[in-house]
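The values are calculated or read from the model by the stated rules, or taken from the named source; none is laboratory data. Since the structure is predicted, the reported quantities are computational estimates derived from the model, not experimental observations. Reconstructed Cβ throughout: ideal geometry from the backbone, glycine too, with neighbour counts over all protein chains shown.
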Amino acid sequence: MDVEILSRIQFAFTISFHYIYPPLSIGLGLMMVIFEGTYIRTHIKMYEQLARFWTKIFAITFGLGVATGIVMEFEFGTNWATYSRFVGDVFGSALAAEGIFAFALESGFLGVLLFGWNRVKPIVHFISTIGVFFGSMFSAVWIVVANSWQQTPAGYHIVGEGKAARAEIVDFWAMVFNPSSVDRILHVWIGALIAGAFLVMSVHAWYLLKGRYVEMSKKAFVLALSVAALFSVLQLVTGHSSAVGVSENQPAKLAAFEGHYNSTDAADLYLFGWVDQKNQKVYGPYVPGGLSFLLYNNFDTPVKGLNDFPQDEIPTQVNAVFQFYHLMVAFGLYFIGLTLFGLFLWWRGKLFLYKWVLWVFVFSVLLPQLSNQFGWFAAEMGRQPWVVYGLLRTSDALSVVVTANQVLFSLIMFTLIYALLFVLFLYLMDKKIKAGPYDESNTDTHQGQKEIMEVLDSNVSPQS
């Protein structure tokens, strides 16, 4: 393989591995705020124990997210020097803003969050939890702003020519609020919150199946289920808004999402299928004119197809883009169906009566991660052959002095190191989850939990 393909594989691998952790950190941050806020409001010790427990899990995901994120900054300079020169002013301002507005906030409160239990007042610790959560949200903002500028550049002018050309910001806020940034920030945020909520549901469903921390897990599960249901529905709204934005700003990408080739035809909405790129056909069930209706509220309105673009300006892997996009959408619909079904069972007072339902929630923890990854794959592969849409091709963004053997060697090394890190992550998560929120052998603590639940059950409906 040549340098371009190897460099793309390496960056895709490193960023995909990194992206396991930041969404979990953001999602768990919200759940920690909810648990600790409930403790502040009710003074019920159970919620403090939940907050303490999930803070330990958060620390693992946060630490690995920082460690794996540093690597990508070096990759920009080693593998993508021309790209780094071209976007350096834009990315420099966005990353500087992340350091000032996000990382400082997050790191400033992190020490209190992790080590402030029993050292500061509960309300002070709660404020630190909120600070870390908002810091992680703001950090995502600036990363997504930088990436969104690559998708829909705005607020810039080009200085220099050829390999020396670079983009300079002329309007900072136009760069920040480029045409795709708001939709994409909301979409990323909500995907992260869903991932965190599903992790909480998975762990507490497993506890319930094992008969551990039963009273506590029922409360935690319902809170996480409510969060997951709310944001799963909202994700449908942001997803639609993002698709409309793509149709306006990156029409070739949207055509690849649905394998739509002929501009004179209304665009069908495929439920799933397979794109035959050679014959320019898609095989699978579809809603005739469905995409046209979603975009224009009319089943007969034509949508610009891939044949209306120069062939060297459309994605080379249309079928892969199609598959990743449809898998993301399918998982999103699954989250809506599963969480609303869970809420229905809770309302009927039957949520915890069916073991198969709990097992579904245990294993569904993997799907938000896959959905987040597939969404990024579709967005990035659909942008090709541009690394900065309409301005810089991926093939022109490489470092001219890096060889294929060097990239291959570093890719192998990263694979080995990241494999070890992932094993460490699984080991630490397994250890913390098996240890649980408190020592079950402590009969006083266990009895206290039962007494709390007896009081709660005497004052609330059976469904709660």
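Quick notes on this one:
- Hits in the range 189-220 - residues which are in a helix (DSSP H, G or I) and without any contact (Cβ under 8 Å) to a residue 60 or more places away in the chain: I190, H204, K210, V214, S217
- Members of the range 327-371 that are modelled with pLDDT of 95 or more and not in a helix (DSSP H, G or I): S364, V365
- Verdict on F62 being within 16 Å of the chain's Cα centre (by Cα) and assigned to a helix (DSSP H, G or I): yes
- Of note, F361 satisfies the criterion of being among the aromatic types (F, W, Y), surrounded by 13 or more Cβ atoms within 10 Å (Cβ to Cβ), on the phi < 0 side of the Ramachandran plot and touching a residue at least 60 places away in the same chain (Cβ under 8 Å).
- First in the range 389-404 and touching a residue at least 24 places away in the same chain (Cβ under 8 Å) and in a helix (DSSP H, G or I), second anywhere and surrounded by 17 or more Cβ atoms within 10 Å (Cβ to Cβ) and among the basic types (K, R), Cβ under 8 Å, 6 or more apart: T394/R8
- The residue that is modelled with the lowest pLDDT, counting only those in the range 185-219 that are within 17 Å of Y354 (Cα to Cα) and among the β-branched types (V, I, T), is V214.
- Taken over the range 382-412, the criterion of being in contact with a Pro (Cβ under 9 Å, 6 or more places away or on another chain) and closer than 24 Å to R85 by Cβ is satisfied by R383, Q384, P385, V388, Y389, G390, L391, R393, T394, S395.
- Those residues of the range 364-388 which are farther than 16 Å from R8 by Cβ, of a type in the set (F, W, Y) and touching a residue at least 60 places away in the same chain (Cβ under 8 Å), in sequence order: none
- Qualifying residue in the range 50-73 (condition: touching a Phe, Trp or Tyr at 6+ places or on another chain (Cβ under 9 Å) and more than 22 Å from S136 (Cα to Cα)): no
- Exclusive hit being surrounded by fewer than 18 Cβ atoms within 10 Å (Cβ to Cβ), assigned to a helix (DSSP H, G or I), within 27 Å of the chain's Cα centre (by Cα) and among the aromatic types (F, W, Y), set W173, W149: W173
- Output for the range 222-252, where each listed residue is more than 16 Å from the chain's Cα centre (by Cα), modelled with pLDDT of 95 or more and among the hydroxyl-bearing types (S, T, Y): S226
- Restricting the range 296-326 to residues that are touching a Leu at 6+ places or on another chain (Cβ under 9 Å) and over 16 Å from N262 (Cβ atoms), the residue that is modelled with the lowest pLDDT: P315
- Scan of the range 270-295 for residues that are crowded, with 17+ Cβ neighbours inside 10 Å and touching a Pro at 6+ places or on another chain (Cβ under 9 Å), ordered by number: Y270, G273, S292
- Screening L424 with (1) modelled with pLDDT of 90 or more; (2) exposed (fewer than 12 other Cβ atoms within 10 Å of the Cβ) gives one miss only, at (2).
- Given (1) closer than 30 Å to T339 by Cα; (2) out of contact with any helix residue (DSSP H, G or I) (no Cβ under 8 Å at 6 or more places or on another chain), index of the condition N118 fails: (1)
- Residues (in a helix (DSSP H, G or I), more than 22 Å from G196 (Cα to Cα) and in contact (Cβ under 8 Å) with a residue 60 or more places away in the chain) located in the range 309-325: D312, E313, V318, N319, A320, V321, F322
- A single member of F115, F101, F109 is of a type in the set (F, W, Y) and surrounded by 18 or more Cβ atoms within 10 Å (Cβ to Cβ), and it is F109.
- Against the conditions (1) in contact (Cβ under 8 Å) with a residue 60 or more places away in the chain; (2) over 30 Å from T55 (Cα atoms); (3) out of contact with any helix residue (DSSP H, G or I) (no Cβ under 6 Å at 6 or more places or on another chain), A174 satisfies every one except (1).
- Criterion: more than 20 Å from I127 (Cβ to Cβ) and either among the charged types (D, E, K, R) or out of contact with any Pro (no Cβ under 9 Å at 6 or more places or on another chain) (or both) - qualifying residue of T38, T14: T14
- Filtering the range 113-159 to residues that are small (G, A, S) and in contact (Cβ under 8 Å) with a residue 24 or more places away in the chain leaves G131, G135, S136, S139, A140, A146, S148, A154.
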